[in-house]
Amino acid sequence: MELCPNAELIINAHTNLPTDEDHNYQYYYKNFTRVVEHHKKSIDLYKKNHPNYKVIFFIMDESSAYFVAENIDDVKKEKQIGEMILGRPHFHFWDKKFIKAFENSRIDYLIWYTPFKYVNSSIGKLDLPEVCVFNIKEPIKQCMEYDEKHMISAEI
């Protein structure tokens, strides 16, 4: 605060929205794709300004982790703090929908930083990879398809 002694910091962390509106897989995917597509449009400019360099996208993804709920009813009902729901983690870095945003692009490498992707489980905290680096010119063979109806934020 020394740089800006008169600055006021306001944080509104609680939106009072239902979980499925505040943390929503469909919104997450659409926003992610929108941002990537916007930056892909600038690749010609990047190449013009930096000829003979590789195009590397660094994504700072601050979204929470998602998981695939076994029971669709668990996705639809309002959750209680501490409530356990049976499911498996969403591996964002292998999600076919997200990976498609980079396929057939002029991006050479992708660095995807996700510092808040973890899931609390009955055996403790499960950390997902914090940084994933992709050579976009190489096919990603482990891609997985997820049923959007079963996706739920781990931040409930």
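The values are calculated or read from the model by the stated rules, or taken from the named source; none is laboratory data. As the structure is a prediction and not an experimental result, all values here were calculated from the model. All Cβ positions, glycine included, derive from the backbone under ideal geometry; neighbour counts span all protein chains shown. Accessible surface areas use protein heavy atoms only, side chains included; no ligands, DNA or RNA. Shrake-Rupley method; radii C 1.70, N 1.55, O 1.52, S 1.80 Å.
For the range 116-131, give me each residue that is open to solvent by less than 100 Å² (accessible area, probe 1.4 Å) and among the hydroxyl-bearing types (Ser, Thr, Tyr).
Across the range 116-131, the qualifying residues are Tyr118, Ser121.
I'm trying to understand the selection: among the residues of the range 135-154, which are open to solvent by less than 100 Å² (accessible area, probe 1.4 Å) and touching a helix residue (DSSP H, G or I) at 6+ places or on another chain (Cβ under 8 Å)?
Ile140, Gln142, Cys143, Met144, Tyr146, Glu148, His150, Met151, Ile152, Ser153, listed by residue number.
Can you tell me which residue among Leu86, Leu110, Leu45 is farther than 24 Å from His150 by Cα and open to solvent by 30 Å² or more (accessible area, probe 1.4 Å)? Break it down stepwise before answering.
Working: Leu86 fails: farther than 24 Å from His150 by Cα; Leu110 fails: open to solvent by 30 Å² or more (accessible area, probe 1.4 Å).
Exactly one of Leu86, Leu110, Leu45 is farther than 24 Å from His150 by Cα and open to solvent by 30 Å² or more (accessible area, probe 1.4 Å), namely Leu45.
Could you grab me the full set of residues in the range 125-156 that are assigned to a loop (DSSP other than H, G, I, E, B) and under 15 Å from Val68 (Cα atoms)? Show your work before the answer.
If we filter the range 125-156 for residues that are assigned to a loop (DSSP other than H, G, I, E, B), which is where we start, we get 128-130, 136-143, 145-147, 154-156.
Residues satisfying the conditions are Leu128, Glu145, Tyr146, Asp147, Ala154, Glu155, Ile156.
Filter the range 105-140 for residues that are of a type in the set (Asp, Glu), closer than 25 Å to Glu155 by Cβ and in contact (Cβ under 8 Å) with a residue 12 or more places away in the chain and give the result.
Let us first name the residues in the range 105-140 that are of a type in the set (Asp, Glu), namely 108, 127, 130, 138.
Now restrict to residues that are closer than 25 Å to Glu155 by Cβ: 127, 130.
If the condition is that a residue be of a type in the set (Asp, Glu), closer than 25 Å to Glu155 by Cβ and in contact (Cβ under 8 Å) with a residue 12 or more places away in the chain, then Glu130 is the only one that fits.
Inspect the range 109-117 for any residue being of a type in the set (D, E, K, R) and more than 21 Å from Lys30 (Cβ to Cβ) and give the result as yes or no.
Taking the range 109-117 and keeping what is of a type in the set (D, E, K, R), we get 117.
Those still in the list that are more than 21 Å from Lys30 (Cβ to Cβ) too: none.
No, every residue in the range 109-117 fails to be of a type in the set (D, E, K, R) and more than 21 Å from Lys30 (Cβ to Cβ).
Identify the single condition in (1) among the aliphatic types (A, V, I, L, M); (2) over 30 Å from Leu45 (Cβ atoms); (3) in contact (Cβ under 8 Å) with a residue 40 or more places away in the chain that Ile59 does not satisfy, given that it satisfies every other one.
(2)
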